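Written out below as structure tokens is the structure these notes cover.
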Amino acid sequence: MPPPREHVLLVEGKDDREVVYQLCNHHQLDNQNLFTVEAKDGYERLRDDLSVRLRVPALRTIGTIIDADTNLADRWHSVCDVLARSGYTELPAAPAEDGTILAAQGRLPRFGIWVMPDNRLSGMLEDFIQHLVHQGDPLIPRAQTSVDGIPPAERRFQDVHRSKALIHTWLAWQQEPGTPLGLAVTRRYLDANHSLAQRFLTWLRNLFSTP
């Protein structure tokens, strides 16, 4: 098997990286032997790094996990612009619902994109995490009421970060308050077998396990 340095997954931040690690552990996907995960401290830095990585001949597979944020179409076009300028052709107009995988083209590596939360909706990692909250959990609606009950003039978070405020409020009410997102998977506060998590892991397997 090729060494992991030939196969890399770029993510926006440390929380993304830890969620990937813990979901892989839960589903017995040996990521350490399949790929390395690098956190890039935000989308813009990931995008800049990607422009360089695509020119590295030793890389055989690159995966990216990016947040749609407020506009999925804009984020998709942004990353596709990097791919097109690097030489990829016939790029899809929109992400595939189960995650996008592009075949290697000439010297360009096999390439995968997952747009958080689900390749269809605007949002971010925390919206993905919200889907994994166990069905019928009594605290998530209370957290929603608590967050949405803050008068707009008193809110200290931007509207785009509502899901962050919601999930971290909910995590503050767990058995171990303030548990990080990755550990929330390990401690089974979240349903790692949810259909969205299954789709995400299938994308990872297909991207990095397929020759």
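Obtain the radius of gyration and the Kirkwood radius of the range 24-111 from its C-alpha atoms and give Rg over Rh.
Answer for the range 24-111: 0.95.
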For the chain, set up a GNM with springs between Cα atoms under 10 Å and report which of Leu121, Leu83, Leu91 has the largest fluctuation.
Leu91
In debye to the nearest 20, the charge dipole size for the chain, taken about the Cα centre with +1 at each Lys and Arg Cβ and -1 at each Asp and Glu Cβ, equals 500 debye
Cβ-based charge dipole, the chain, positive-most Cα from His168, Thr179, Asn31
Asn31
Starting from 0.36 nm per residue, how many nanometres of slack lie between Asn71 and Ser51 once their C-alpha separation is accounted for?
5.0 nm
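Assuming R0 = 35 Å, what is the FRET efficiency of Asn206 and Arg156, from their Cβ-Cβ distance, to the nearest 0.05? Write down the numbers at each step before the final one.
Details: r = 41 Å, r/R0 = 1.17.
Computed FRET efficiency for Asn206 and Arg156 comes out at 0.30.
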Could you tell me the center-to-center distance, by alpha carbons, between the range 1-69 and the range 172-211 in angstrom?
16 Å
GNM on the chain, Cα springs under 10 Å; top mean-square fluctuation among Arg187, Arg75, Arg53 goes to Arg187
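How large is the direction-averaged shadow of the alpha-carbon convex hull of the range 126-184, in nm²? Before the final figure, lay out the partial values.
Working: hull surface 16.4 nm².
So the mean shadow area of the Cα hull is 4.1 nm².
Given +1 on the Cβ of Lys and Arg, -1 on the Cβ of Asp and Glu, and no further charges, what dipole in debye does the range 25-82 carry about its Cα centre, rounded to the nearest 20?
Values: 7 positive and 10 negative charges, 56 e Å.
My answer is approximately 280 debye.
Which semi-axis lengths, in whole Å and largest first, follow from the square roots of five times the eigenvalues of the Cα gyration tensor of the chain?
Working: eigenvalues 193, 78, 38 Å².
They are 31, 20, 14 Å, listed largest first.
In percent, how large is the relative contact order of the chain, given Cα pairs closer than 8 Å and 6 or more residues apart?
Details: 306 pairs, mean separation 51.0, N = 211.
Computed value for the chain: 24 percent relative contact order.
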Output the peptides 133-139, 66-72, 143-149 sorted from most to least packed, where packing is the average of other Cβ atoms within 10 Å over each peptide's residues.
66-72, 143-149, 133-139
With +1 on each Lys and Arg Cβ and -1 on each Asp and Glu Cβ, and nothing else charged, work out how big the dipole of the range 5-110 is about its Cα centre, in Debye to the nearest 20.
580 debye
Mean-square fluctuation maximum in Gaussian network of the chain, Cα pairs under 10 Å, restricted to Gly182, Gly106, Gly13, hits Gly106
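Just so you know, all these numbers are worked out from the coordinates, no wet-lab data involved. Source: prediction; values computed, not measured. Cβ atoms come from the backbone with ideal geometry, glycine included; neighbour counts cover every protein chain shown.
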